[in-house]
Amino acid sequence: MKKLQSLLWAIPLTLALAAQAYAQAKTKAAKAAPTEKTYYGDISDSMCGATHKMTGSPVECTKACVKNNAKYVFVYRGKVWEISNQDLADLPTLAGEHVRLKGTRSADGKSITVAALNESTPRKRAAKKSP
């Protein structure tokens, strides 16, 4: 009788632990799955990244570097991500410009696949108030 009672107690406990483990695994998988997000930043090139070394505008610099076999990159808050789909039609038009980009980052965080790209104006930050 005691064996039966302990067995009846162990089954619900095992099921509860299995359900909890399944829920945790599902949450981790959902967090790991890449999702499409909107970012505001600049289209640049892999030679210059966040800082353009050539004299002239960022547009001229980016176009010149890409002409010399550099790849397009997206600069977001000082981080440089390589654009996976280099054949995107809007890239030459928006080279060196501030843009709104909808895309999905890679799992390693080094590149981004662009779904949509539009020109944007840089957002002005509010001035800090003096005490």
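Whole-Hz Karplus ³J(HN,Hα) for the stretch 34-48, in order, using 6.51 cos²θ - 1.76 cosθ + 1.60 and θ = phi - 60°, x for Gly and Pro?
Rounded to whole hertz, the list is x, 10, 6, 9, 9, 10, 10, x, 10, 8, 9, 10, 6, 6, 9.
Can you tell me how much longer the chain between L17 and K37 gets when fully stretched, taken as 0.36 nm per residue apart minus their C-alpha distance, in nm with one decimal?
Contour length minus Cα-Cα distance gives 3.7 nm.
Stretched out fully, how many nm does the piece from A115 to R77 gain, at 0.36 nm a residue minus the Cα gap?
11.7 nm
Could you compute how fast the stretch 36-119 diffuses translationally, taking Rh as the Kirkwood radius over C-alpha pairs and applying Stokes-Einstein at 20 °C with viscosity 1.002 mPa s? Give it in µm² per second.
173
Any read-out appearing in this document is the output of simple, stated calculations on the displayed coordinates, not a laboratory observation. Because the structure is predicted, anything quoted here is derived from the model rather than measured.
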